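Asks: Have a look at this one.
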Amino acid sequence: ARVIDVKPNGLLVLEARKHMRTDKETLSLVITGTCRSLYVAGDNSVLSTNLAGLHVAKEHEGEVKRATKKGILTQIFEGIFAF
């Protein structure tokens, strides 16, 4: 993770990114949160339990995502026959 901001009260805003690529699929995980500087260990690590406002975002790209996307005709029929 890296420090992306330091708040006036001394809290650190951290962001960690992990990218994984297998075959034609790409998965990205983004974790953000804030912590006190005293929670940073000697090896510059922070436990996830010490992060406040923890936010995890998963972004997926590739063939599987494109295959699961509905086509225009399916969207139209679902809009008409929504009952």
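Asks: Pop out the carbon and sulfur fraction of the accessible area of the chain as a percent, whole number, probe 1.4 Å.
Replies: Solvent-exposed carbon and sulfur of the chain make up 57 percent of the total.
Asks: For the chain, with every protein chain kept in place, what is the accessible area per residue (1.4 Å probe, Å²)?
Replies: Numbers: 6850 Å² over 83 residues.
Value returned for the chain: 83 Å² of accessible area per residue.
Asks: Let me ask you something else. Loop sites only, by DSSP: take the trypsin sites (Lys or Arg not before Pro) in the chain that have at most 13 other C-beta atoms within 10 Å and name the longest stretch containing none of them.
Replies: On the way: sites that count: LYS24, ARG36, LYS69, LYS70.
It works out to 37-68.
Asks: Of (1) 38; (2) 47; (3) 60, which one was derived for percent of Cα pairs over 18 Å apart from the structure shown?
Replies: Identified label for the calculated read-out: (3).
The values are calculated or read from the model by the stated rules, or taken from the named source; none is laboratory data. The structure presented is a predicted model; accordingly, all values stated were derived computationally and were not measured. Neighbour counts run over all protein chains shown; Cβ positions are idealised from the backbone, glycine included. Side chains are part of the model used for accessible areas, which takes the heavy atoms of the whole protein and leaves out ligands, DNA and RNA. Shrake-Rupley method; radii C 1.70, N 1.55, O 1.52, S 1.80 Å.
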